[in-house]
């Protein structure tokens, strides 16, 4: 991927985060939403926007994702106003559950009962 594409993706990601945080007034979008990555097609016609939504219930995360997708035209218009790009790509929002799964794995690991002595024995046997 060229430096130009990487810079454009980073700028779009940064701007999308600001737009979602400041310009969308739907109360259902008050959850913490993080834009984790943007991958723009080489011809700038479309962009895959991965978002992390910090809600426990999968149904709420999917509902918020649908709201973002419905708002994509409005978000694209604001993006066009704020960035100096020849073509502003169509936005395709996708759910990024990586942080959610990581949190669940950490909770499971914390519940395991491993004494410090067992841990130390495993380290020395290797």
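Consider the range 54-66 and keep the residues that are under 21 Å from residue 14 (Cβ atoms) and surrounded by 15 or more Cβ atoms within 10 Å (Cβ to Cβ). The one that is nearest to the chain's Cα centre (by Cα) is 65. For the range 42-53, the condition of being surrounded by fewer than 17 Cβ atoms within 10 Å (Cβ to Cβ) and in a strand (DSSP E or B) holds for at least one residue.
Looking only at the range 3-30, count how many residues are assigned to a helix (DSSP H, G or I) and either in contact with a strand residue (DSSP E or B) (Cβ under 9 Å, 6 or more places away or on another chain) or surrounded by 12 or more Cβ atoms within 10 Å (Cβ to Cβ) (or both).
The total comes to 16.
Exactly one residue out of 88, 35, 49 is at pLDDT 95 or above and in contact with a helix residue (DSSP H, G or I) (Cβ under 9 Å, 6 or more places away or on another chain): that is 49. When residue 100 is tested against (1) assigned to a helix (DSSP H, G or I); (2) modelled with pLDDT of 85 or more; (3) buried (at least 16 other Cβ atoms within 10 Å of the Cβ), exactly one condition is not met: (2).
The values are calculated or read from the model by the stated rules, or taken from the named source; none is laboratory data. Just so you know, these numbers come straight off a predicted model, no measurement behind them. A quick note on method: Cβ atoms are made from the backbone with ideal geometry, for glycine too, and the neighbour counts reach across all protein chains shown.
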